[in-house]
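See structure below.
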Amino acid sequence: MDILILGGAGQVGTELQAFSWPEGVRVHAPDRRSLDVTDEAAIAAAFDARAYAAVINTAAYTAVDKAESEVATAWRLNALASALLAAETKRRAIPLVHVSTDYVFDGAGDGFYAPDAPVNPQSVYGASKAAGEMAVRSANPRHAIVRTAWVVSPHRGNFVKTMLRLAGEREKLTVVDDQYGCPTSAADLAATLAAIALRMAGDERAPTGTFHCVNDGATTWCDFARAIVAGAARRGGRSVAVEGIPTAAYPTPAKRPANSRLSTQSLSDAYGLAPRPWEAALDDILDRLIGPVRSN
């Protein structure tokens with residue numbers, strides 16, 4: 001069984017390649033130079049070269065603030081590429097697992113968003129990802145759109161690595177404390193995507209639709225930063241103060257959702273996958289970045 005992974009250089013793509021796939025499963029993760037996902041002919045050629053059992057699309061333009069000025073680039077990668085992949089996989093009867101984002105929501109309210117909640121993106125990034133979702137839904141009925149949020153890992157740039165770096169440089173950190181969400185381990189997300197892809201590849205009646213995958217529990221960016229600093233300190237890192245500030249004190253080009261909490265109930269109902277607490281996932285990431293907790 002051959003599975004195509006797009007966006008293999010990112011956090012989730014890296015974890016997908018490191019995932020312990022069942023015997024007989026081969027994963028292929030071409031880089032951008034090998035496969036331009038915005039080129040219709042290149043996509044067709046890639047599928048001509050090998051018969052894939054499933055496709056996992058993690059490729060995306062994720063520079064949220066830069067997207068406000070690089071609109072066309074964001075839309076090409078997040079909307080056009082999704083449409084091309086959905087059309088090609090539909091033509092070849094291949095299931096498509098497509099990763100999306102909490103940014104499709106406006107962040108209003110104080111509850112957990114269900115997958116069928118109305119979308120109302122407030123940024124170029126969010127709008128382009130919402131358009132990509134629509135393209136996938138309309139072009140390939142054998143799809144699983146998996147929204148996620150606050151993805152962190154030992155790889156590439158992300159919030160955990162940024163907080164660790166700043167904690168090593170500063171005496172105090174100031175972090176937004178009025179945005180709520182669910183931290184997500186890239187490794188845990190990758191395991192979920194793999195489980196869905198394998199099920200869809202082997203069962204034409206596997207559940208389709210839109211699902212949410214985040215680690216269990218919710219927090220603010222500020223409390224997440226405090227947990228990161230505290231966890232690092234238990235491993236021998238510096239312990240610095242983390243002060244909460246309002247979003248208004250940290251303006252950014254793109255508007256962030258004040259509420260990014262996502263409900264994973266439909267994922268549990270459809271695939272029997274129950275995410276672990278984000279605190280446990282964070283511990284694993286810190287173990288990989290720093291080492292185990294030091295004994296007294």
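Every number in this text was worked out from the coordinates using simple rules, so none of it is lab data. Since this is a predicted model, take the numbers as computed values, not measurements. We place every Cβ from the backbone using ideal geometry, glycine too, and count neighbours over all the protein chains shown.
The phi torsions of region 251-256, fed into the Karplus equation with coefficients 6.51, -1.76 and 1.60 and a -60° offset, translate into couplings of x, 9, x, 9, 7, 8 Hz, rounded to whole numbers, with Gly and Pro shown as x.
Could you tell me the relative contact order of the chain? Use alpha-carbon pairs under 8 Å, at least six residues apart, and round to a whole percent.
On the way: 596 pairs, mean separation 62.1, N = 296.
This gives 21 percent for the chain.
Only one residue of Ser100, Trp21, Ala131 has its Cα farthest out toward the positive end of the dipole of region 1-141, where Lys and Arg carry +1 and Asp and Glu -1 on Cβ, and that residue is Trp21. Selection among Ala225, Leu193, Ile285 by position relative to the dipole of region 193-296 gives Ala225 as farthest towards the positive end (Cβ unit charges, Cα centre).
If the convex hull of the alpha-carbon atoms of region 1-105 is projected onto planes in all directions, what is the mean projected area in square nanometres? Intermediate results must be reported in sequence, preceding the final value.
Details: hull surface 28.4 nm².
Seen from a random direction, the Cα hull of region 1-105 projects 7.1 nm² on average.
Largest mean-square fluctuation among Arg170, Arg256, Arg33, in a Gaussian network model of the chain whose springs join Cα atoms under 10 Å apart, belongs to Arg33. For Thr184, nonlocal amide neighbours, meaning residues 5 or more places apart or on other chains whose placed amide H falls under 5 Å from its own, are Val151, Val152, Asn215. Using the Cβ of Ser123 as centre and a radius below 13 Å, the other residues enclosed give a net charge of -1, where K and R count +1 and D and E count -1.
Histogrammed with a bin width of 5 Å, the alpha carbon distances of region 82-144 distribute as 4, 19, 25, 20, 16, 10, 4, 2, 0 percent, first bin at zero.
For Ala248 and Arg165, a Förster radius of 22 Å and the Cβ-Cβ distance give a FRET efficiency of 0.30, rounded to the nearest 0.05. What FRET efficiency comes out for Ala44 versus Ser239 if R0 is 41 angstrom and r is the Cβ-Cβ distance? Round to the nearest 0.05. Efficiency for this residue pair is about 0.15. Taken one residue at a time, the phi angles of region 167-172 give Karplus couplings (6.51, -1.76, 1.60, θ = phi - 60°) of 5, x, 10, 10, 8, 8 Hz. Gly and Pro are set to x.
Taking every lysine pair in the chain that is 8 or more places apart or spans two chains, those with Cα atoms closer than 26 Å amount to 9.
DSSP loop (so not H, G, I, E, B), at most 11 other Cβ within 10 Å: list which GluC sites (Glu not before Pro) in region 136-240 pass both filters.
Values: sites: Glu169, Glu171, Glu204; in loops: Glu171, Glu204.
Here the sparse-neighbourhood loop sites are Glu171, Glu204.
For the chain, what does -39500 (n - 2.57) per DSSP helix run (n ≥ 4), summed and divided by total residues, give at 222 nm, in deg cm²/dmol to the nearest 500?
-11500 deg cm²/dmol
In a reduced charge model with +1 at each Lys and Arg Cβ and -1 at each Asp and Glu Cβ, the chain shows a dipole moment near 440 debye about its Cα centre.
The DSSP beta bridges internal to the chain are antiparallel in roughly 5% of cases. The largest-to-smallest principal axis extents of the Cα set in region 170-268 are 55, 34, 22 Å.
Taking amide H atoms as placed 1.01 Å from N in the peptide plane, the amide H of Ile245 lies under 5 Å from those of Val175, Val176, Asp177, each 5 or more residues away in sequence or on another chain. Of the candidates Ser123, Ser239, Ser260, which one comes out as most mobile in a Gaussian network treatment of the chain with C-alpha springs shorter than 10 Å? Residue with maximal mean-square fluctuation among Ser123, Ser239, Ser260: Ser239.
With +1 assigned to the C-beta of every Lys and Arg and -1 to the C-beta of every Asp and Glu, and no other charges, what is the dipole magnitude of region 149-296 about the Cα centre in debye, to the nearest 20?
Working: 17 positive and 15 negative charges, 95 e Å.
The calculated dipole for region 149-296 is roughly 460 debye.
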